[in-house]
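Report on the following structure.
The values are calculated or read from the model by the stated rules, or taken from the named source; none is laboratory data. Predicted model only: the values in this text are computed from it and were never measured. All Cβ positions, even for glycine, are placed from backbone atoms using ideal geometry, and neighbour counts span all protein chains on display.
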Amino acid sequence: MTLYLPIAEMSVSVIVYLALGVSIGFLSGLFGVGGAFLLTPLLTFLGIPSAVAVATSASHVVASSVSGAVTHYRRGNVDIKMGLVMLGGSLAGTYLGVSAVKILRVAGYFELTVSLMYVIFLGVVGTIILVEGINASRQVHAGGGTATRKSGQHGWLEGLPFKMRFPRSKLYMSAVPPVIIGMFIGCMSAIMGIGGGFVLIPAMIYLLRMPTGLVVGTSLFQIVFAAAVATVLHAVENKTVDIVLALILIIGGVIGAQFGSTVGTKLRGEHLRVLLGAVVLLVAARMAFELVLPPDDVFSLATVAGAS
Amino acid sequence: MRRLIRAAVILVVALGGRTLAEPAKEGVEADASTRQVAITSSFTGTEILVFGAVQNSVQPSPEAGTYDVIVVVEGMPAPVVVRKKSRVGGLWINTRSMRFASVPSYYAIASTRAVDEIADKAVLDAHAIGFHHVRMVPAAHSRTEATDPDELKSFKEALIRLKENERVYIKSDFGVSFIGRSLFRATIALPPNVPVGPLTAHVYLFKKGQMLGEYDSRVMLQREGVERYIHETAMSRPFLYGLVTVLLAAGSGLAAAFAFRKPA
């Protein structure tokens, strides 16, 4: 069964894209990430114009994150106050990111920047998550785990102003770090066309020292709103959101996300982290190979000047 | 008497003139089988038939090959950027680029034999017949200006090759066939990724390298039904369109979350 996409202007197999949606949705439910960091490159690989791939992925992130977020909310795993504080920073960051994209496009370095950011961020974050996850599972197996969080571990973060109480996370800390983290993620998301969960989650664990159980749900909560804003921005600014493609991916995605979050609750947190780290590293490696290996064709076409 | 003689002379001259001159001038008339191609949600590419006739044909049989016919179906011209990667510090990076101000978005050519055998370069260039004769003008200010003629050529070659890979540039050297002394036909493929917009069909008639006639026809390629509605909304009311997409996404997500709710 094939369907003609009104914005991408091509005819695609519904089954292939439905399956893609299910797989991405499964990963997003499992790890609490939007999954766009996988979806965007895969869509481009299947022949969807990259501008359409980036914009449409954002709407997929909304769908897969909202079902995950609701599931986690029902289990009481969302710190709404923390989510809102980060969202504030994220919206400002998105604006900065969009401006950066314009500047980079004019200068002609947009594609390169995106590829390098993918390799660097995914590489670094993937390694950290993987190593940390392996260490954590070793400690658990050794039986000598120091899982309890010591209060007053923030160090220099203690000295920052605007202290707030986050009762759900049992934290009393400055609002500056979450706002800055949100801003950074928002900026990065706008440039790379991703949700940013794979950076947000480690940042929440290692920088904000939030309880691990709340991290996934809170990150999804924040990502839902950030991705919704990004979708509307892409639709208005670039007119590259393909609603038909989005719908196919979303139907697959929401089903996959349900299975993913069910499986996720059965797996140990450390194992989840090892898996997520491995997936992120794989994508980074593929991107890196693309930059290093001689391309099949040194020439490429872009329909509109400056388009990625 | 003198009048009569003069009249007779005029008559003879006129008659003689006609018998001595070439037979009636040949021309070409043509049309496309479909004037309107609708792009609906089930569009998976299609074919159009371009057919026509040679007026005053002197061709003894369809196989004689007295005439050559070239059919060109062209899409709207659009700007295009060709980029070239090269190795910088171990990484493959787009270093050179060339911007073409106007290049046909779609170009299908069918002919009775290879176009370069039908006519010489000057004629093909003048009428923009064939991939290598189409006007591809580099934009006035390319970012990385490739002014070297060899480099310009390599960029043009790459553009044609990439467009052929995308199947929007199609060449069929024996795609036009005569089915009578004067009647000919050619099928032109419109791939699923054909750029939406009006198409122009040009039919050229050649004999011994000389162009005898040209006939143009238009084919409308437009979205119909739901496709059209969605596209128009996306273009004219983008905020609403984006909002609907988000609501649809959030709605599906929530619906799934409730549908899969476990009795806890």
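Remarks
- Taken over the range B:224-263, residues that are under 30 Å from residue B:201 (Cβ atoms), surrounded by 14 or more Cβ atoms within 10 Å (Cβ to Cβ) and facing chain A (nearest Cβ under 7 Å) amount to 4.
- Hits in the range A:235-260 - residues which are within 7 Å of chain B (Cβ to nearest Cβ) and either polar (S, T, N, Q) or touching a His at 6+ places or on another chain (Cβ under 7 Å) (or both): A:241, A:246, A:250, A:258
- Filtering A:76, A:93 for residues that are in a helix (DSSP H, G or I) and either without any contact (Cβ under 8 Å) to a residue 12 or more places away in the chain or of a type outside the set (Phe, Trp, Tyr) (or both) leaves a single hit, A:93.
- Some residue of the range A:209-220 being within 14 Å of another protein chain (Cβ to nearest Cβ) and either crowded, with 22+ Cβ neighbours inside 10 Å or of a type outside the set (Val, Ile, Thr) (or both): yes
- Set A:71, A:56, A:40: member being surrounded by 24 or more Cβ atoms within 10 Å (Cβ to Cβ) and more than 19 Å from residue A:118 (Cβ to Cβ): A:71
- Residue within the range B:221-233 that is of a type in the set (A, V, I, L, M, F, W, C) and assigned to a strand (DSSP E or B) present: yes
- Looking only at the range A:228-252, residues that are surrounded by 24 or more Cβ atoms within 10 Å (Cβ to Cβ), modelled with pLDDT of 85 or more and among the small types (Gly, Ala, Ser) come to 3 in all.
- Considered as a group, the residues in the range A:185-216 that are within 13 Å of the chain's Cα centre (by Cα) and of a type in the set (Gly, Ala, Ser) include one that is nearest to residue A:82 (Cα to Cα), and that residue is A:203.
- Residue B:11 satisfies every condition listed in (1) loosely packed, with under 15 Cβ neighbours inside 10 Å; (2) at pLDDT 90 or above except (2).
- Residues of the range A:73-100 that turn out to be over 19 Å from residue A:190 (Cα atoms) and either within 17 Å of the chain's Cα centre (by Cα) or within 14 Å of chain B (Cβ to nearest Cβ) (or both), as a count: 6
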